[in-house]
Amino acid sequence: MKNILLIGGTGFVGSALASRLAKADFCVTLPTRRPERARHLSVLPTARIVQANVYDEATLARLMIGQDAVISLVGILKGNFQRAHTELPGKIARAAKAAGVPRLLHISALAASTDAPSQYLRSKAAGEAALMAAYPDATIFQPSVIFGQGDSFLTLFAGLLKLAPIVPLACADARFQPVWIEDVVTAVIASLDHSESRGQTYPLCGPREYTLQQLVAYTGQVSGHPRPIIGLPFAFSILQAFLMEFLPKGPMTRDNVWSMQVPNVCAAGCTLPFGLTATPLEVVAPGYLAA
Ligand SMILES: NC(=O)c1ccc[n+]([C@@H]2O[C@H](COP(=O)([O-])OP(=O)(O)OC[C@H]3O[C@@H](n4cnc5c(N)ncnc54)[C@H](OP(=O)(O)O)[C@@H]3O)[C@@H](O)[C@H]2O)c1
């Protein structure tokens with residue numbers, strides 16, 4: 001049995017990865033700040049959930065012992081981007097290298113770039129650079145927005161559409177190429193068997209591009225709550241996001257609005273690596289959005 005450390009593995013992507021790895025008989029270690037939030041993973045027979053501060057270098061060094069691969073997944077949409085997206089990948093890469101862990105995989109984001117308009121995307125790009133500087137053989141994945149059971153994208157819209165008679169939508173023309181969570185998991189796990197993936201960066205996208213407005217309209221149709229959608233101009237998108245920042249679980253920030261100024265789509269013909277075929281949104285979404 002192989003040992004895999006998932007750092008940031010208790011969230012949406014990590015939980016799907018951990019389930020699939022456990023089914024394939026991998027032994028999965030999941031450090032978390034709050035083990036009670038990872039209870040859903042304790043049913044996996046080969047998963048070990050440990051409370052840990054992954055920013056602490058001595059803790060990281062201990063977690064690396066005996067691992068065959070590390071998958072780095074910590075991501076935030078607001079908060080200290082420099083710490084979570086830039087410093088942490090560097091620390092993880094240095095710890096993995098020092099411990100001689102043979103593989104390091106990192107989940108970044110599509111459109112990450114040092115000159116991107118949002119802190120989220122700039123900090124992700126700086127994190128990729130910090131990771132690669134310490135561990136040049138790492139494999140990086142850059143997904144577009146990810147959909148599937150438990151996502152916080154289409155499911156969030158479905159919840160809003162249920163309540164709102166009309167939808168004033170920020171960044172209605174923002175472009176996405178949503179990728180299915182199970183395709184992301186398949187690509188990440190497949191990379192472990194593809195040695196040519198060392199040192200490579202792979203965008204992960206679904207088969208079709210949509211505007212945000214098209215995605216919200218589709219969600220309304222499938223969830224049984226079709227609503228009129230009013231696209232907001234940029235200044236109102238920023239204002240709406242600013243007001244949402246005052247809500248404890250506000251669904252959007254001004255930085256998210258800036259992220260959406262960059263198309264979140266792959267180059268033509270490039271969806272998934274390793275000869276995998278991307279699953280259309282329309283095949284999966286009705287299964288978890290339908291009323
Ligand atoms: N979901 C998407 O559509 C999408 C699209 C593109 C890229 N990505 C990237 O994919 C990765 C996984 O995303 P996800 O959707 O699975 O995220 P998620 O559900 O929010 O999970 C985030 C994970 O990171 C940990 N985490 C969050 N904030 C942290 C902090 N300040 N310090 C330490 N750990 C922290 C959480 O662990 P605890 O158990 O400690 O809370 C959790 O395991 C992220 O890097 C994200 O940027 C996601």
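A few comments on the model shown:
- Residues being touching a Pro at 6+ places or on another chain (Cβ under 9 Å) and charged (D, E, K, R) - total across region 186-214: 3
- Strands (runs of 3 or more DSSP E) wholly inside region 63-171 that include at least 1 residues being closer than 21 Å to residue 247 by Cα and either out of contact with any His (no Cβ under 6 Å at 6 or more places or on another chain) or more than 10 Å from the ligand (Cβ to nearest atom) (or both): 167-169
- Any hit, region 9-21, residues being modelled with pLDDT of 95 or more and over 24 Å from residue 145 (Cβ atoms): no
- Contacts under 8 angstrom Cβ, first residue in region 130-145 being free of Cβ contacts under 8 Å to residues at least 60 places away in the same chain, partner of a type in the set (D, E, K, R), 6 or more apart: 130/87; 134/94; 134/97; 135/94; 135/97
- Scope region 19-36; condition over 24 Å from residue 58 (Cα atoms) and either within 13 Å of the ligand (Cβ to nearest atom) or not aliphatic (A, V, I, L, M) (or both); matching residues: 19, 20, 23, 25, 26
- If you go through region 205-247 and keep only what is among the polar types (S, T, N, Q) and more than 30 Å from residue 278 (Cα to Cα), you end up with 237, 240.
The values are calculated or read from the model by the stated rules, or taken from the named source; none is laboratory data. The model shown is predicted, which means the values in this text are computed figures rather than measured ones. Heads up, the Cβs are rebuilt from the backbone with ideal geometry, glycines too, and the neighbour counts pull from every protein chain shown.
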